[in-house]
Amino acid sequence: MIRAVIFDLDGTLIHLPVNYEKLFEEFKKIMKTNTVRPVTDMVARLDEATKKKVFKVWDDAELEALPKMSIKEEGAKLYEKFSPKPKALVTMQGKAVAEKILQTTKFSFKIIITREHSLNRIEQLQKAAEMLGVKPQEILFIGDAENDSASARKFGCKFLKVG
């Protein structure tokens, strides 16, 4: 039985048109490397001072893209369908942009886990489950990426892919 639903944000509920090529060029300068992918793995390994610089540039890029954000119809319908259930949001977006997105949309969550909490999707799911007080098998995770699906499998929750 599904007791709680966890949603991914970008690609699932919204589309945030960040210029990632430009962003990754900035990351290369800050990290002093030519390899920045997979970005979450690379950033997770950084010292705190460098990570802070990366997060600032990342936040700025997301905030710059915010006026061009659009709602994903399929994700919005699933949000409505599961509105009676306790819901959490896990996202690789930053806290600043996630808060602004939620202020400008109808989406509301009991728990919000951003990249500042963890850059690892499985850790994000674990933290959300703990805070919701549910077991992995009682969760439906709704996302759009293969990493979301793989993380759900490893975590032991149900998964629904959108898009």
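The values are calculated or read from the model by the stated rules, or taken from the named source; none is laboratory data. Because the structure is predicted, anything quoted here is derived from the model rather than measured. A quick note on method: Cβ atoms are made from the backbone with ideal geometry, for glycine too, and the neighbour counts reach across all protein chains shown.
Summary table below
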read-out: Search result, residues across the stretch 1-16 that are modelled with pLDDT of 95 or more and either out of contact with any Ser or Thr (no Cβ under 8 Å at 6 or more places or on another chain) or hydroxyl-bearing (Ser, Thr, Tyr) (or both); value: Ile2, Arg3, Ala4, Val5, Ile6, Phe7, Gly11, Thr12, Leu16
read-out: So Phe24, is it in contact (Cβ under 8 Å) with a residue 40 or more places away in the chain, in contact with a helix residue (DSSP H, G or I) (Cβ under 8 Å, 6 or more places away or on another chain) and outside any strand (DSSP E or B); value: no
read-out: Counted residues, the stretch 132-155 - those being farther than 21 Å from Gly75 by Cβ, exposed (fewer than 15 other Cβ atoms within 10 Å of the Cβ) and not polar (S, T, N, Q); value: 3
read-out: Single residue of Ser108, Ser118 found to be closer than 17 Å to Thr40 by Cα, surrounded by fewer than 20 Cβ atoms within 10 Å (Cβ to Cβ), modelled with pLDDT of 95 or more and not charged (D, E, K, R); value: Ser118
read-out: Matching residues, the stretch 95-105, being under 14 Å from Ile71 (Cα atoms) and buried (at least 20 other Cβ atoms within 10 Å of the Cβ); value: Ala98, Ile101
read-out: Number of the condition not met by Thr50 [criteria: (1) in a helix (DSSP H, G or I); (2) within 19 Å of Val97 (Cβ to Cβ)]; value: (2)
read-out: Where Ser83 falls short, out of the listed (1) within 22 Å of Val162 (Cα to Cα); (2) within 17 Å of the chain's Cα centre (by Cα); (3) free of Cβ contacts under 8 Å to residues at least 24 places away in the same chain; value: (2)
read-out: Residue within the stretch 101-110 that is of a type in the set (Lys, Arg), part of a helix (DSSP H, G or I), over 14 Å from Ile6 (Cβ atoms) and out of contact with any strand residue (DSSP E or B) (no Cβ under 8 Å at 6 or more places or on another chain) present; value: no
read-out: Hits in the stretch 8-41 - residues which are of a type in the set (Ser, Thr, Tyr) and either within 17 Å of Gln93 (Cβ to Cβ) or buried (at least 17 other Cβ atoms within 10 Å of the Cβ) (or both); value: Thr12, Tyr20, Thr40
read-out: Tabulated pairs, the stretch 122-141, first in contact (Cβ under 8 Å) with a residue 40 or more places away in the chain, second crowded, with 18+ Cβ neighbours inside 10 Å and of a type in the set (S, T, N, Q), C-beta under 9 angstrom, 6+ apart or interchain; value: Leu125/Ser151; Phe141/Ser151
read-out: Residue within the stretch 32-47 that is more than 15 Å from Ile101 (Cβ to Cβ), in contact with a helix residue (DSSP H, G or I) (Cβ under 7 Å, 6 or more places away or on another chain), part of a helix (DSSP H, G or I) and modelled with pLDDT of 95 or more present; value: no
